[in-house]
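J.: Sharing a structure, written as C-alpha cells. Questions coming.
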Amino acid sequence: AVPLVVAISTALSAKNGLLIRNRTAFENSRKISAIVFDKTGTLTEGNFGVNRIESLDDSSVDQLLALAGAVEQSSEHPIARGIVNEAKKRDLKFPSASDFSSTKGKGVSAKVDGSQYQIVSPGYLKEEGIDPPEGANTDKAETVVFILKEGKLIGFIALSDQIRGESKDAISTLKDKGIKVLMATGDNEQTAKAVADELKLDGYYSHVLPHEKSELIEKLQGEGEFVAMTGDGVNDAPALAKADIGIAVGSGTDVAAETADIILTESSPSDIANLILFGRATYKKMV
Ligand code: ADP
Ligand code: MG
C-alpha cells in the first residue's frame with residue numbers, strides 16, 4: 001500500500017504543489033467528519049483593498065496612511081499588504097519605523113519618530129476599553145483596523161477582501177460528502193457572517209484568537225469529530241498542530257508550514273476538497 005500512496009502524493013505534488021509531511025494523516029483523510037477553514041487567504045482571496053481612511057487627529061489622511069504603511073511594511077498579513085499597496089499607489093513616502101512587533105490575531109506595533117504606534121483589531125480596541133468611533137461602524141462586510149499613537153486612537157482604515165471564485169463549489173462538494181464545513185476567523189462578526197452566508201457554511205466563529213482556534217478544534221474533537229483544519233498564517237499554527245489533519249495553504253509562513261501535516265503551496269479550497277476526496281478514494285482502493 002505504501003508505494004501507491006507515494007505514487008499518488010508524488011503525482012498530486014507535481015500538479016498542485018502538495019507536500020505531505022505526515023503520510024498517516026493523509027491516509028486518515030477518509031475519517032474527516034468536519035473541516036475548519038480559516039477565512040482570510042483561504043476562502044477569500046486575501047487581497048485587501050482600502051475603502052476608507054479616517055484621521056481622528058490633526059494629521060491628514062495621507063499622513064496617517066504613510067504612517068500605517070511604515071508600520072505595516074514589516075508585516076506579512078494580507079491586511080498589511082493592502083495598506084502598504086494603497087500607500088504606494090498614492091506615492092506616499094514612508095517615515096522610518098523601528099522596533100516592529102506583532103501580536104498574533106490582534107495587530108502590529110512599531111516606533112515612528114519616537115512614538116509608539118499600533119494598528120489593531122476591533123477586539124483589541126475593546127480589550128483596551130476604547131470605544132470605536134462612529135465612522136468605523138459599517139453595514140458592509142468590511143475589515144476595520146484601528147491606529148493608536150501611544151495608546152490613543154488616532155484613526156482607522158476600512159478594507160475589504162473578496163470570496164474566492166472556487167470556494168462555493170468546493171464547500172458544496174465537501175457538504176455533499178457529509179462533511180461539516182466550518183470557518184474560524186479573527187475578523188469581525190459582520191464580515192464573517194457575510195462569507196458564511198454566501199458560502200452556506202454549516203457554522204462560523206468570528207473574533208477568534210489564535211489560542212481559541214485550537215480550543216475550537218479540541219471542542220469539536222470532544223464531540224467526536226475527526227477534524228481537518230486549514231490555515232495560512234502564523235496565527236493558525238497552534239490549531240494546525242491540534243487538528244487531526246492540519247493543512248497549511250498558500251505560500252504561507254514557515255511556522256504554519258512546520259506544524260502542518262499537509263502543505264499546499266498553490267492552493268485553493270477546491271484543491272483541499274480534491275485532496276480530501278482523493279484521500280478517501282485512495283484508501284477505499286487499498287483495502
Ligand atoms: P484571519 O482569521 O482572518 O486570518 P487573523 O487572526 O490573521 O485573521 O487577524 C485577526 C485580526 O487581527 C484582523 O482582522 C485584524 O483586525 C488584526 N490584525 C492582524 N494582523 C494585522 C496587521 N498586520 N495589521 C492590522 N491588523 C491586523
Ligand atoms: Mg489567516
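J.: With the requirement that a residue be free of Cβ contacts under 8 Å to residues at least 40 places away in the same chain and among the hydrophobic types (A, V, I, L, M, F, W, C), what does the stretch 134-148 give you? Lay out the reasoning, then the answer.
T.: Of the residues in the stretch 134-148, the ones free of Cβ contacts under 8 Å to residues at least 40 places away in the same chain are 134, 137, 146, 148.
Once the filter is applied, which keeps residues that are free of Cβ contacts under 8 Å to residues at least 40 places away in the same chain and among the hydrophobic types (A, V, I, L, M, F, W, C), the stretch 134-148 yields 146, 148.
J.: Please go through the stretch 149-194 and give me each residue that is touching a residue at least 40 places away in the same chain (Cβ under 8 Å), more than 30 Å from residue 55 (Cβ to Cβ) and part of a helix (DSSP H, G or I), ordered by number.
T.: 167, 169, 170, 171, 173, 174
J.: If I filter the stretch 209-241 down to residues being assigned to a loop (DSSP other than H, G, I, E, B) and surrounded by fewer than 20 Cβ atoms within 10 Å (Cβ to Cβ), which single residue comes out as nearest to ligand 2 (Cβ to nearest atom)?
T.: 209
J.: Failed condition for residue 257, given (1) assigned to a helix (DSSP H, G or I); (2) modelled with pLDDT of 70 or more; (3) under 16 Å from residue 21 (Cα atoms), with all others met?
T.: (2)
J.: Tell me the residue from 13, 96, 9, 29 that is at pLDDT 95 or above and more than 30 Å from residue 134 (Cα to Cα), please.
T.: Only one candidate passes the filter, namely 96.
J.: Scan the stretch 113-131 for residues that are surrounded by fewer than 19 Cβ atoms within 10 Å (Cβ to Cβ) and either assigned to a strand (DSSP E or B) or in the same structural domain as residue 192 (by TED's automatic domain parsing) (or both) and report the count.
T.: Count: 2.
The values are calculated or read from the model by the stated rules, or taken from the named source; none is laboratory data. Every value quoted in this text rests on a predicted model; they were computed, and no experiment measured them. With ideal geometry, Cβ positions are generated from the backbone for all residues, glycine too; neighbour counts draw on all protein chains shown.
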